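Asker: Before anything else, here's the structure in question.
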Amino acid sequence: MERRLRDVLEGKGENYILPFFWQHGDSRERLEEGMDKIFACGIRAVCVESRPHPDFVGEGWWRDMDIIMEKAKELGMRVWVLDDAHFPSGYCNGRIGSDSLYRKKYLTRYSVDVIGPMQDTSFLVKLEENEHFVGAVAAKRDRNNKQFMGDVLDISDRRRGDFLEWDVPEGFWCVTIIKITDKGTGRPGYINSIDRDSVRFFLDTVYEPHYERYKEEFGKTFAGFFSDEPEIGNTCGEYGHNAYIGQPTMNLPWSDHLEGMLRERWEDEFCINLMALWQTLDTVDGGKNKTGELRAEFMDYVTQLYGVNFCGQIGEWCRVHGVEYIGHVIEDGGSHARLGLGTGHYFRALWGQDMAGIDVVLQQIRPQLDDTAFYRIGGKEFYYGEFYHYGLAKMGTSLGHIDPKKKGRTICEIFGAYGWTEGVKFMKWLTDHMLVRGVNYYVPHAFTMKDFPDPDCPPHFYARGMNPQYPYFQKLMQYLNRVCHLISGGVHRSCVAVLYTAELEWMDRTVMQFESVGRILAQNQVDYEVLPVDILVALCPNGGKLPFGAPVYDEDAYVGREEASALILPECKCIPRKLAAWCQQAIKNGFPIVSIHSLPKILEENGDLNEWEAYRPDVVELDALGSRMNTAAEIHLSSFEPYLRYYHYVHKDGEYYLFFNESVTETVDTTVLLPVDPGTCIIEYDAWQNCLKSVNVVEKVRGETDRKAHTGRGIGLSLSPYEMKIICVGSGMARSNEADKTIFKEEKHISLDRPWKLSLKKAGEDRFIYERDLFLLKNITSFGFLPDFSGTMKYETTVDLSWNADTLMGILDLGRVYETAEVWVNGLCVGCRITPPYRFEIGNVWKKGKNTITVVVTNTLVHQQKDTMSVTMPVEPSGLLGPVHLTIGTMEN
C-alpha cells in the first residue's frame, strides 16, 4: 500500500493546520483551555495572532507567550507568531513616527495648464517640510484627451529658487513639478516596504526580540513567523483594488535605491519618463507603447525591491535563525498585480517565503457565483467571482509548485469574517474547493478565548463553548489533515500553463486576466498552472513538454517533475520582446503556444510595436479553448460537467485523483477515463470515514472513436452537490480485496414520515429542555416556531423490522438537513455528515423487532447572534427536513 495512504488509514498522518489563536491578554486558565481545544481538533500547531493584544512585545506579551510555549511543548504542538501588533504587517509595533527615518516616501507631482505663447512666465515650486524637488517637465496637452501629453520637455534646469522660469511656446501646454514627499494617503505609521533599512528596523523591532527570548526553541517548538497582508502601501484603499500604475492622481512608492535604479536606466530622460507614470505619452493603436514600456520598467523595479527587501530579507533572516517564514498578501480582485493595498507581483512578493500563501475571507468565495459579480460584505459593492474561483488558489499553488524552497506547500487563511451564518457545511465546501486546487496547509480563522460573543470577524470555532458545531469542526479538521497528507510530498500533474498577467497589465490595463482562461480550462477539466514571465523565460521546452519546478524525490526514488504540454497567452495588445523571443524558440522546438482572440504585438525596449515574424502562437477563441486543449487533457468525461473539479497528485507508489462537485444544486453523474494501464488497481479512499471502498470500473466511456484517441480505464463517477471523492490508482495501492466489494441487495423501502420526538438544547447549555412530538418535519427556526434558536436538535423515532438481523443492512437517507447530522441506531453511533449527501450505510446494529433511530442535528449561531457580517449571506433553515427514507436489504459478495 502507498505509504501516505497507509499513514492516514492508521491515523499516523502529519499536521497541516495552524489556526489563528487570538490574544487579548487572557488568563493562564483561558490560554491553556484554548490550546487544549485546538489540540482536541487533531491540530498540532497554532498561529498566535497578536492583533488584539494590548502589549505586543511587552511584558504582558511575553507572559502570554511563555504560557502558550509551555503548553505547546506539553502537547507536542508548534507555535507560529503573527509578526506585528496591527494589521497589516509593517506597522512595526507602532515605532514609525512622523519623523522616522523608516517612514514611507512617495513620488508625487502637480501640474499647471498654460496657453502660449507667453514670455517670461514663472511657475511656483511649492515644497513643504521634508519635500525635495526632483524635476520639472513641460508637455503639450490634447484638448480631447486629458490623459495624453506630447512633445515632453525636461525643464528642470529652469528652476530659480521657489520659481520655475520658462517661456511658454504657442499652444496648450502643461508644466508639471515632480517632487519627493512623506505626505500622502498611505497608511500612517508604516515602514517603507521597498527600503531595505526600513525592513531591517522591522526585524530588529519584532523578530529579534522573539529570537532573544526563545532562541533555544527556534526550529523546535517555535516554528516561525506569519506576515499578514503587507503591502506597497502608497495608498490606503481609496483606489480599492484598482491601484493600477498610471492613475493620474496617485502618489507612487519611492526610495533612494529606486531613484538610483531609474536614473541609471533612464539617464537624461529620467524626468520625462517619470511623466509616463501618470500620463499617457503615446497610444498602443498608434504603433508605439513607450508609456507601457516605462510603466512596466517602474513596476519591475518596485516589485523587485519589495521582493528582495521585504519578503526576501525577512525570509533569509528566518532561515538563518532556523525557522520558517510564511503568510500572504492582498490578492483580492487583481490587487496582487497592483500598487496600494497590493504588492505589484504576487510571485515576486512571496518568493522569499517558505510556503506560498493566500487567504479567503469576507465572503469572497461563494458556491456557483464563479462567473458573475455578486454583492460583498456591506451589500453595496461587488466581488467578481472569476478571480476568486479560477485565479486565487491556482496562483498560490502554482507558486508552491514552482519555487523549490516551498517544497510544494501552499497555505490558505480560511473561513474568517463570513459571519455566524457560516457553519461547518459551508466550511467543508470551501475546504474541498481549496484541496481540489492543491492547497495543502491551512490557517483557520479563528479561535478566541474572549468572552462570548466576540464581535470580531466571526465565526469562532469554539467560542468559549458556545458554538454547538465545535464537535463537528473537530471532525472537519481531522478530515482536512488526512487529505492534505495525501497531496503533500509528491508531484502535481498539470496539463497546461497559463501566463501570469501582471507584467502585461503594467503595459496595458485592458489585458484579459489569467483567471478568464482558467475558468474555461477548469470547466473542461484541463488542469493548469499559472507561470510568471520571470520563471517562463528561464525554462527550456523539451519537444511538446515544458518541465518546471524542482524534481521531487521520495527516499532517493525519483517521483517526477511538473510539466505542461501547452502555454496559453491571455488576450493582450502586446507582450515584451523577451517573452516573444522565448515563445518563438519554444514553438520552433515543437512546444504548442496559443493566444486568446488575437495575436499580441511585440513591444520593444524603445516602445515600438512590431509584428511577429516566423513561429507565431496559434490564435484561439476563448469559448473554443476547452475543445482545443482536449489533446492536452489528462482525463476525459462522458458528459460536460462545468462544476466538476479535479486534481491529480503523484507519489512514488501511487497516485490520487480528487474529484469535487462544486455545485450545491446539481448532481454530477458521468464516466471518467483515467490515464492508467489495464490491470492497474483503482480504489476509492473515503477521507471522511477514513476507509477504502470499491470503484465502479466501466469499459466504455465515449464510444470507440474517443476510446481509440484516449487510452486508459474508465470509472463511473456520481457526486451529489457538495461531495468529494478521492480515487487512488497504482501498483502501490491496496489490492482489490482490501476495499469493500460487497453489493447491496434491496429488500424493502420504508418512508419514515411518522411522528418524530423532538428535543432541543440551546447553544452553551448542557441538557435538552424542550420536547414535543413532530407529526411533520419542518424548519425549526421558521417564523412562528423558534426563529431565534441556535443549538442542537434531537429527533427520535422507531421502526419495526422482521428480517434476520445478522446480515441486515440499512441505507438511511435523511433528505435535507441543516446542517450537521449524527445518526444513532439502538444507542450506537453509526456516523455523521456535515454536507450532503446525508446518507448512511448502517449494518451490524439492527435487531429484529423495534429499532430506535436518533438523528442529532446542529445549526449555526446566526439565528441567535444575527451579526452584521451575516447580513450578506443567505440564512438557511434549521433541523431535519427530510424526506427521510430507510432502505432495508442485505450485503452480498
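Asker: In whole angstrom, how far apart do the alpha carbon centroids of the stretch 379-448 and the stretch 236-271 sit?
Answerer: When both Cα centres are located, 32 Å separates them.
Asker: Note down the net charge around Val799, summing +1 for each Lys or Arg and -1 for each Asp or Glu among other residues with Cβ under 13 Å from its Cβ.
Answerer: In short, +2.
Asker: Using a basic spin-label model with each label point 7 Å from the Cα along Cα→Cβ, how many nm lie between Lys757 and Arg28?
Answerer: 4.7
Asker: Using only alpha carbon pairs under 8 Å that are at least six residues apart, calculate the relative contact order of the chain and give it in whole percent.
Answerer: Computed over the chain, the figure is 10 percent.
Asker: Could you give the alpha-carbon Rg of the stretch 179-282 over 2.2 N^0.38 Å, rounded to two decimals?
Answerer: 1.43
Asker: Can I ask one more? Could you compute the FRET efficiency for Glu841 and Phe785, with r as their C-beta to C-beta distance and R0 at 25 Å, rounded to 0.05?
Answerer: Values: r = 32 Å, r/R0 = 1.29.
Step by step, r from the Cβ atoms, then E = 0.20.
Asker: Quantify, in whole percent, the carbon and sulfur part of the accessible surface of the chain (1.4 Å probe; protein heavy atoms only).
Answerer: 47
Asker: What ranking, highest mean first, results for peptides 224-235, 10-21 when packing means the other Cβ atoms within 10 Å averaged over each residue? Before the final figure, lay out the partial values.
Answerer: On the way: 224-235: 26.2, 10-21: 18.8.
Ranking, from highest mean packing down: 224-235, 10-21.
Asker: To make sure I understand the rule: partners must be aspartates and glutamates, Cα under 13 Å from the Cα of Lys428, and not fewer than 8 residues away in the same chain. Which ones qualify?
Answerer: Glu662, Glu723, Glu819
Asker: Quote to one decimal, in nm, the extra length available between Glu59 and Asn610 on full extension: 0.36 nm per residue of separation minus the C-alpha distance between them.
Answerer: 192.0 nm
Asker: Then there's this: Roughly speaking, what is the stretch gain from Ser694 to Leu776, that is 0.36 nm per residue apart minus the C-alpha to C-alpha distance, in nm to one decimal?
Answerer: 25.8 nm
Asker: What is the Cα centroid distance between the stretch 116-133 and the stretch 469-544, reported in whole angstrom?
Answerer: 51
Asker: Arrange the peptides 597-609, 412-424, 340-352 so that the one whose residues have, on average, the most other Cβ atoms within 10 Å appears first.
Answerer: Top to bottom by mean Cβ count within 10 Å: 340-352, 412-424, 597-609.
Asker: Also, quick follow-up: Which residue, chosen from Ile834, Phe783, Ser759, occupies the Cα position most advanced towards the positive end of the dipole of the stretch 752-841, where the dipole is computed from +1 (Lys, Arg) and -1 (Asp, Glu) charges on Cβ about the Cα centre?
Answerer: Phe783
Asker: So how long is each side of the stretch 356-485 along the principal axes, counting just the alpha-carbon atoms, biggest first, in Å?
Answerer: 43, 37, 21
Asker: Another question about this same structure. As a test, work out the antiparallel percent of DSSP beta bridges whose residues both lie in the stretch 405-562, rounded to the nearest 5.
Answerer: If we restrict to bridges inside the stretch 405-562, about 40 percent are antiparallel.
Asker: A further question follows. Quick one: compute the contact order of the stretch 36-165, relative version, from alpha carbon pairs under 8 angstrom and 6+ residues apart, as a percent. Please list the in-between numbers first.
Answerer: On the way: 109 pairs, mean separation 22.8, N = 130.
Value for the stretch 36-165: 18 percent.
Asker: With both bridge residues required to lie in the chain, what share of the DSSP beta bridges run antiparallel, to the nearest 5%?
Answerer: Values: 136 of 182 bridges.
The antiparallel fraction comes to roughly 75 percent.
Asker: List the DSSP H helices in the chain whose Cα atoms stretch 20 Å or more along the helix axis and whose mean Kyte-Doolittle hydropathy is at least -1.0.
Answerer: What comes out of the filter, once short or polar helices are dropped, is 59-75, 290-306, 470-486.
Asker: Which one, Leu203, Tyr301, Ile245, is farthest towards the positive end of the dipole of the stretch 201-310 when Lys and Arg carry +1 and Asp and Glu -1 on their Cβ?
Answerer: With unit charges placed on the Cβ atoms, the residue in question is Ile245.
Asker: While we're here: Name the shape class, rounded, prolate or oblate, that the alpha-carbon gyration tensor gives for the stretch 790-840, where a ≥ b ≥ c are the square roots of its eigenvalues, rounded holds for a/c under 1.5, and otherwise prolate holds if a/b is larger than b/c and oblate otherwise.
Answerer: Numbers: a/c = 2.36, a/b = 1.79, b/c = 1.32.
Judged from the Cα gyration tensor, the stretch 790-840 comes out prolate (a/c at least 1.5, a/b above b/c).
Asker: 5 Å is the cut-off here: which amide hydrogens, built 1.01 Å from N in the peptide plane, fall below it relative to Asp867, excluding neighbours closer than 5 in sequence?
Answerer: Amide H neighbours of Asp867, under 5 Å, 5+ apart: Trp420.
Asker: Send over the Kirkwood Rh of the stretch 550-656, from the inverse of the averaged 1/r over different Cα pairs, rounded to one decimal Å.
Answerer: Kirkwood hydrodynamic radius for the stretch 550-656: 16.7 Å.
Asker: Work out the FRET efficiency for Lys126 and Glu264 from their Cβ-Cβ distance, taking R0 = 35 Å, and round it to the nearest 0.05.
Answerer: For R0 = 35 Å, the calculated efficiency reads 0.75.
Asker: Which of the residue pairs Lys105/Lys126; Lys104/Lys578; Lys425/Lys761 have a Cα-Cα distance greater than 23 Å in the structure shown?
Answerer: Pairs exceeding the cut-off: Lys104/Lys578.
Asker: Separate question: When the dipole is taken about the Cα centre of the stretch 514-579, and only Lys, Arg (+1) and Asp, Glu (-1) are charged at their Cβ, what size is it in debye, to the nearest 20?
Answerer: 540
Asker: Based on the mean of other Cβ atoms within 10 Å per residue, sort peptides 819-829, 263-273, 551-561 so the most packed one is first.
Answerer: Working: 819-829: 18.3, 263-273: 14.9, 551-561: 13.1.
With the highest mean Cβ count within 10 Å placed first, the list reads 819-829, 263-273, 551-561.
Asker: How large are Rg and Dmax for the stretch 452-579 when calculated on the C-alpha trace, in angstrom?
Answerer: My reading of the Cα-based Rg and Dmax gives 20.9, 61 Å.
Asker: Counting only heavy atoms of the protein chains, get the accessible area per residue of the stretch 395-503 (1.4 Å probe) and round it to a whole Å² value. Intermediate results must be reported in sequence, preceding the final value.
Answerer: Details: 1860 Å² over 109 residues.
With the other protein chains kept in place, the stretch 395-503 gives 17 Å² per residue.
Asker: Right, something else. So for the stretch 274-334, Kirkwood radius off the Cα pairs, Stokes-Einstein at 25 °C and 0.890 mPa s: how many µm² s⁻¹?
Answerer: Rounded to a whole number, D works out at 171 µm²/s.
Asker: If we restrict to alpha carbons, what Rg and Dmax does the stretch 20-87 come to, in Å?
Answerer: In order Rg, Dmax, the Cα atoms of the stretch 20-87 give 11.1, 31 Å.
Asker: Against the globular-protein guess of 2.2 N^0.38 Å, express the Cα radius of gyration of the chain as a ratio, rounded to two decimals.
Answerer: 1.03
Asker: Run the quick spin-label model on Arg319 and Ala373: label points 7 Å from Cα toward the beta carbon, then report their separation in nm to one decimal.
Answerer: Each label point is offset 7 Å from its Cα along the Cβ direction, giving 4.3 nm.
Asker: Average the reciprocal distances over every distinct pair of alpha-carbons in the stretch 28-139, invert the result, and give the Kirkwood radius in Å. Numbers along the way, then the final one.
Answerer: Details: mean 1/r = 0.0523 Å⁻¹.
Kirkwood hydrodynamic radius for the stretch 28-139: 19.1 Å.
Asker: Suppose each label sits 7 Å from its Cα in the direction of the beta carbon; what would the Glu74-Arg160 distance come out to in nanometres?
Answerer: That separation, rounded to one decimal, is 7.9 nm.
Asker: Continuing with the same structure: Given +1 on the Cβ of Lys and Arg, -1 on the Cβ of Asp and Glu, and no further charges, what dipole in debye does the chain carry about its Cα centre, rounded to the nearest 20?
Answerer: Here the size comes out at about 2140 debye.
Asker: Further, regarding this structure: Could you calculate the contour length gain from Val559 to Phe218, that is, 0.36 nm times the residue separation minus the distance between their Cα atoms, to one decimal place in nm?
Answerer: 119.6 nm
Asker: Taking the alpha-carbon centroid of each part, what is the distance from the stretch 2-49 to the stretch 315-373 in angstrom?
Answerer: A separation of 23 Å, based on Cα centres.
Asker: If a/c stays under 1.5 just call it rounded; otherwise compare a/b with b/c (prolate if a/b is bigger, oblate if not). Do that for the stretch 79-234, with a ≥ b ≥ c from the square roots of the Cα gyration tensor eigenvalues. Let's see the in-between values first.
Answerer: Details: a/c = 4.59, a/b = 3.07, b/c = 1.49.
Because a/c hits 1.5 or more and a/b exceeds b/c, the stretch 79-234 counts as prolate.
Asker: Can you list the lysines whose alpha carbon is less than 21 Å from that of Lys573, not counting same-chain residues fewer than 8 positions off?
Answerer: The qualifying lysines are Lys288, Lys290, Lys601.
Asker: Using the Cα atoms of the stretch 350-419, I'd like the radius of gyration and the largest Cα-Cα distance, Dmax, both in angstrom.
Answerer: Both quantities, over Cα of the stretch 350-419: 13.7, 42 Å.
Asker: Right, something else. Say the dipole of the chain comes from +1 at the beta carbon of Lys and Arg and -1 at that of Asp and Glu; which of Leu262, Ala85, Val125 then lies farthest toward its positive end?
Answerer: So the residue furthest toward the plus end is Ala85.
Asker: Tell me, what are the semi-axes, in whole angstrom and largest first, of the equivalent ellipsoid of the stretch 837-893 as set by the roots of 5 times the Cα gyration tensor eigenvalues? Write down the numbers at each step before the final one.
Answerer: On the way: eigenvalues 269, 33, 17 Å².
For the stretch 837-893, the semi-axes come out at 37, 13, 9 Å.
The values are calculated or read from the model by the stated rules, or taken from the named source; none is laboratory data. In this text the structure is predicted, and so the values were computed from the model without any measurement. Positions of Cβ are backbone-derived with ideal geometry, glycine not excepted, and every protein chain shown enters the neighbour counts. When the accessible area is computed, the model is the full protein with side chains, heavy atoms only, and any ligands, DNA or RNA have been set aside. Shrake-Rupley method; radii C 1.70, N 1.55, O 1.52, S 1.80 Å.
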